[in-house]
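Accompanying notes for the structure given below.
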Amino acid sequence: MGHGRYEAGWDVLCDGPVIRAVGPNLICEQGEVVEAAGRNVYPGIVLGLCAVGAMAFSEMGGWDTNETSSPLVPQMDVRDSFDLRELKLQRFARAGITSYGLSPGTKALLAGQVSLIHTDGDHTADVFLADRIALKGNYTAAVKSAFKDKGTPQTRMAMYQMLDEAFRAAQEYSGKTEKEYDAGKEILCRVLQREIPLIIAANSALEIESVVRLGKKYSLRLVISGAFGVESMIADIMQQGWHVMLGAGTNMMSALKNRTDLTKLVEWYRRGLKLSISCSGDEGYVYGYEQIWWTATQMSAAGATGEEIMDMMTCNAARALGVDALVGSLEAGKQADVIICCGNPAVRFDNYIDQTVVAGKTTFRRGEEA
């Protein structure tokens, strides 16, 4: 059960938003009974990063996730940009996505803090499962583009220098017994102490190499997102026990620009690489949340089994975010997030999601809007 799978013939007993028990012949004394015989049952999909919900779509302002007053704004909390109306306009449940890492965007080096949210709820308090679970960083050309008229950084060497100095200053701050409170350094101290991961976007081999060097220098808990040019640094990443959150190769021609050998990636995964698959949600509005299933089919074509792919979209993604005690597998005490499928949608296009349950509530049923 810790690998996100559901044993054939077993029952999942939900008590409101939480799973009470998983096992054979469980008794439901009251409430709805969902008959899933002959179908595949999985934990809800955990989308690693997504900015939707904080994009300011409902205000027609846009890009409320990108604070570009400075390249270094780790103290920003994405919760303060959240708009429940925006979330309610989405159709995450159709793609089986039940929770995701609500994330700051791609334009600052250290862009702010990530929260874990459910994809359905009547009130803001209903959807937030955990606040400030990770720090979002970016080491890509998008940062240089965002600050091209604002001074620095203009180069990769400037980006590295700024990150290096930020963590060095936080180390110094941490060692002081008397100090003036600094919100940004406090967050960096949590990262330095490995209390939370640094999830940092890097899309080319050169970008990833610099990120790996920074992570080693400060002994960070790294999650490298995007990671299309990851092959050359796999040995270092595995040695450090870091996580790769592979982005969507179908987005913006990423697969052509940054070629990734998925067959090799599957081989490394079987040797112990920590790997999840995501979509390009932290870059803005994705083409559709079914996009993650396109990435899943690419992994299937590369030789990954259906169960391996489901792990990459559920328990592995939860572990990357550090929230596997809450979501990602069907276990007692975790959130009652479940998808019921006709077959495994990761391996065949004619398989499909039949029903999605978020926090014990059916939010999608094929053929009707629940």
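Derivation of every value follows stated rules applied to the coordinates shown; laboratory data play no part. All values reported here derive from a predicted model rather than from experimental measurement. As a convention, Cβ positions derive from the backbone with ideal geometry for all residues, glycine included, and neighbour counts pool all protein chains shown.
If I take R0 = 25 Å and measure r between the Cβ atoms of LYS217 and TRP294 in this structure, what FRET efficiency does the formula 1/(1 + (r/R0)^6) give, to the nearest 0.05?
0.10
Of GLY247, THR356, ILE27, which is farthest towards the positive pole of the chain's charge dipole, taken about the Cα centre with +1 and -1 on the beta-carbons of Lys, Arg and Asp, Glu respectively?
Result: GLY247, furthest along the dipole toward the positive end.
Please turn the phi angles of segment 147-153 into ³J(HN,Hα) values with the Karplus equation 6.51 cos²θ - 1.76 cosθ + 1.60 (θ = phi - 60°), one per residue in order, whole Hz, x for glycine and proline.
Rounded to whole hertz, the list is 10, 5, 9, 10, x, 9, x.
Within 10 Å of each residue's Cβ, count the other Cβ atoms and sort PHE349, PHE147 from fewest upward.
Numbers: PHE349 9, PHE147 20.
Result, fewest neighbours first: PHE349, PHE147.
Residues with amide H under 5 Å of TYR352's amide H, sequence separation 5 or more or different chain, H placed in the peptide plane at 1.01 Å from N; which?
The list, which skips near neighbours in sequence, is CYS342.
At R0 = 35 Å, how high is the FRET efficiency between MET238 and GLU368 if r is their beta carbon distance? Nearest 0.05 is fine.
Details: r = 45 Å, r/R0 = 1.29.
Rounded to the nearest 0.05, the efficiency is 0.20.
Which of the listed residues, MET313, TYR269, ILE340, is farthest toward the dipole's positive end in segment 260-344, when Lys, Arg count +1 and Asp, Glu count -1 at the beta-carbon?
TYR269
Taking 0.36 nm per residue of sequence separation and subtracting the Cα-Cα distance, how much length would be gained by fully extending the chain between GLU186 and GLN161, in nm to one decimal?
The span from GLU186 to GLN161 would gain 7.0 nm if fully extended.
List, in order, the whole-Hz ³J(HN,Hα) value for each residue of segment 64-73 obtained from phi through the Karplus relation with A = 6.51, B = -1.76, C = 1.60 and θ = phi - 60°; use x for Gly and Pro.
Result, ordered by residue: 6, 8, 10, 8, 10, 5, 8, x, 10, 10 Hz.
Of all DSSP beta bridges located in the chain, what percent are antiparallel, nearest 5?
Approximately 55 percent, going by the DSSP bridge assignments.
Short version: ³J(HN,Hα) in whole Hz for each residue of segment 94-110, in order, from phi by Karplus 6.51 cos²θ - 1.76 cosθ + 1.60 (θ = phi - 60°), x for Gly and Pro, what are they?
Couplings: 4, 9, x, 7, 10, 8, 7, x, 5, 10, x, x, 10, 9, 10, 4, 10 Hz.
Taking amide hydrogens as modeled 1.01 Å from N in the peptide plane, which residues meet the under 5 Å criterion relative to ALA336, leaving out close sequence neighbours?
VAL18, ILE19, ALA359, GLY360
What ranking do 318-327, 67-76 get when scored by the average of other Cβ atoms within 10 Å per residue, highest first?
318-327, 67-76
How large is the charge dipole for the chain, taken about the Cα centre, if only the Cβ atoms of Lys, Arg (+1) and Asp, Glu (-1) carry charge, to the nearest 20 debye?
I would put it at about 1140 debye.
Exposure proxy check: TRP268, TRP293, TRP10 ranked by fewest other beta carbons within 10 Å?
Result, fewest neighbours first: TRP10, TRP268, TRP293.
Compute the distance in nm between two label points, each set 7 Å from the Cα along the Cα-to-Cβ direction, one at PHE128 and one at ASP80.
Each label point is offset 7 Å from its Cα along the Cβ direction, giving 1.2 nm.
Give me, ordered by chain and number, the residues 5 or more places off LEU49 or on other chains with an amide H under 5 Å from its own placed amide H.
Here GLY101, CYS279 satisfy the definition.
Taking the beta-carbon count within 10 Å as an exposure proxy, list LYS334, LYS176, LYS88 from fewest neighbours to most.
Lowest to highest Cβ neighbour count: LYS176, LYS88, LYS334.
Rounded if a/c is under 1.5, else prolate if a/b is larger than b/c, else oblate: which is segment 104-220, with a ≥ b ≥ c the root eigenvalues of its Cα gyration tensor? The partial results should precede the final answer.
On the way: a/c = 1.80, a/b = 1.20, b/c = 1.50.
Oblate shape, in that a/c is at least 1.5 and b/c is the bigger or equal ratio.
For LEU89 and CYS342, compute 0.36 nm times the residue count separating them, minus their Cα-Cα distance, and round to one decimal in nm.
88.5 nm
Considering only DSSP states other than H, G, I, E and B, which GluC sites (Glu not before Pro) in segment 308-370 qualify as loop sites with at most 12 other Cβ atoms within 10 Å?
For GluC sites (Glu not before Pro) across segment 308-370 that sit outside H, G, I, E and B with at most 12 neighbouring Cβ atoms in 10 Å, the list reads GLU369.
Which one, [x] 182; [y] 378; [z] 143, gives volume of the Cα convex hull per residue in Å³ as derived from the coordinates shown?
Checking each listed value against the structure points to [z].
Can you tell me the 0 to 90 degree angle between the C-alpha axis of helix 291-301 and the longest principal axis of the chain, rounded to 10?
80 degrees
With r as the distance between the Cβ atoms of GLU307 and SER70 and R0 = 51 Å, compute the FRET efficiency 1/(1 + (r/R0)^6) and round to 0.05. Don't skip to the end; give the middle numbers.
On the way: r = 44 Å, r/R0 = 0.87.
With a Förster radius of 51 Å, E is 0.70.
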